[in-house]
Amino acid sequence: MTEKTLTYDELKITLADIYEQMGYHDAQPDEATQQETQLIINEVRQWLRPQFCYLVVPEQPDFDMGKIILRQLRGSQAYVLFICTSGGEYEAYQQRLKDQGDMVRVFIADALGSVIAEKTADQMECHLQESIEKLHWHHTNRFSPGYCGWHVSQQQRLFPMFNEHTCGVRLTDSSLMVPIKSVSGIIGIGEKVRKLDYTCGLCDFKQCYKRKSKFAK
């Protein structure tokens with residue numbers, strides 16, 4: 001099991017990342033929203049401690065992942081199961097904003113939280129690649145329950161494999177993660193696998209964040 005706690009600056013988040021998540025793909029929000037975004041960043045930077053954890057298993061877990069993901073994992077010599085999260089403190093921060101009723105700040109914080117979770121997963125991938133570099137291995141894309149035909153209920157099979165070492169993330173009865181700004185899933189590793197462009201043409205999930213970032217411009 002590998003676990004790591006990060007800082008905001010280690011995530012290397014840009015304003016463009018946040019604005020894109022907010023829906024401003026080829027433009028920028030108005031000046032007031034830009035200023036409010038920067039204020040939120042300044043607040044969060046002081047205390048944010050996102051985390052990731054992952055474990056390597058030698059055999060493909062008994063998950064019903066669907067043909068799209070299975071095809072992408074083909075040739076893997078081992079498998080990485082991961083959980084990444086913005087953390088409980090960020091979840092509490094979002095709730096405080098909701099309680100205050102400032103919907104502009106709620107909207108910005110929601111977008112930022114999504115970026116934080118994905119950037120934490122990016123850092124997890126970088127850490128993973130460094131750890132397998134000596135083997136001359138590579139890794140596939142990361143795949144999560146709820147995408148590409150892998151039903152979100154499969155979280156109930158994924159999480160027990162961590163033996164409660166889940167970076168503080170827990171599942172609801174409906175298989176949603178808490179904190180909600182979290183990412184989990186699987187990655188294939190090995191000599192002959194590689195990371196590809198996300199094959200959105202093969203997947204019909206219209207709300208996928210990869211599809212939005214690629215096609216919504």
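Of the cross-linked pairs LYS12/LYS134; LYS67/LYS134; LYS4/LYS98; LYS4/LYS181, which ones have a Cα-Cα span greater than 22 Å in the structure shown?
Numbers: LYS12/LYS134 26 Å; LYS67/LYS134 31 Å; LYS4/LYS98 29 Å; LYS4/LYS181 17 Å.
Result: LYS12/LYS134; LYS67/LYS134; LYS4/LYS98 exceed 22 Å.
Nearest 10 degrees, 0 to 90: what angle lies between the long axis of helix 31-47 and the longest principal axis of the chain (Cα atoms)?
Once rounded, the angle reads 60 degrees.
Which of rounded, prolate or oblate describes region 1-66 when judged by the alpha-carbon gyration tensor and an a/c cut-off of 1.5? Show your work: numbers first, answer last.
Numbers: a/c = 4.32, a/b = 1.82, b/c = 2.37.
The shape class here is oblate.
May I ask for the equivalent-ellipsoid semi-axes of the chain, computed as the square root of five times each C-alpha gyration tensor eigenvalue and listed largest first in whole Å? Don't skip to the answer; put the middle values down first.
On the way: eigenvalues 176, 73, 58 Å².
After diagonalising the Cα gyration tensor, the semi-axes are 30, 19, 17 Å.
Please check the chain for the longest run free of GluC sites (Glu not before Pro) that are loop-located per DSSP (anything but H, G, I, E, B) and have at most 10 other Cβ atoms within 10 Å.
Values: sites that count: GLU59, GLU164.
Counting at most 10 other Cβ atoms within 10 Å as exposed, the longest clean stretch of the chain is 60-163.
So how tilted is helix 103-132 from the main axis of the chain? Cα-based, degrees 0 to 90, rounded to 10.
Result, in degrees: 30.
Please calculate the 1.4 Å probe accessible area of THR7, with all protein chains present, and give it to the nearest 10 Å².
Result for THR7: roughly 50 Å² accessible.
If we count every other residue with Cβ under 12 angstrom of SER86's Cβ, Lys/Arg +1 and Asp/Glu -1, where does the sum land?
-1
Would you check the accessible area of ARG71, probe 1.4 Å, heavy atoms only, in square angstrom rounded to 10?
90
Express the relative contact order of region 1-160 as a whole percentage, based on alpha carbon pairs under 8 Å and six or more residues apart in sequence.
Taking the mean separation of contacting Cα pairs over the length of region 1-160, I get 31 percent.
In degrees, nearest 10, range 0 to 90: what is the angle between the Cα axis of helix 88-100 and the longest Cα principal axis of the chain?
30
The values are calculated or read from the model by the stated rules, or taken from the named source; none is laboratory data. Note that the structure is a prediction, hence the values are computed from the model and not measured. Don't worry about glycine lacking a Cβ; one is built from the backbone with ideal geometry, like all the others, and counts go over all protein chains shown. Side chains included, ligands, DNA and RNA excluded: accessible areas come from the protein's heavy atoms. Shrake-Rupley method; radii C 1.70, N 1.55, O 1.52, S 1.80 Å.
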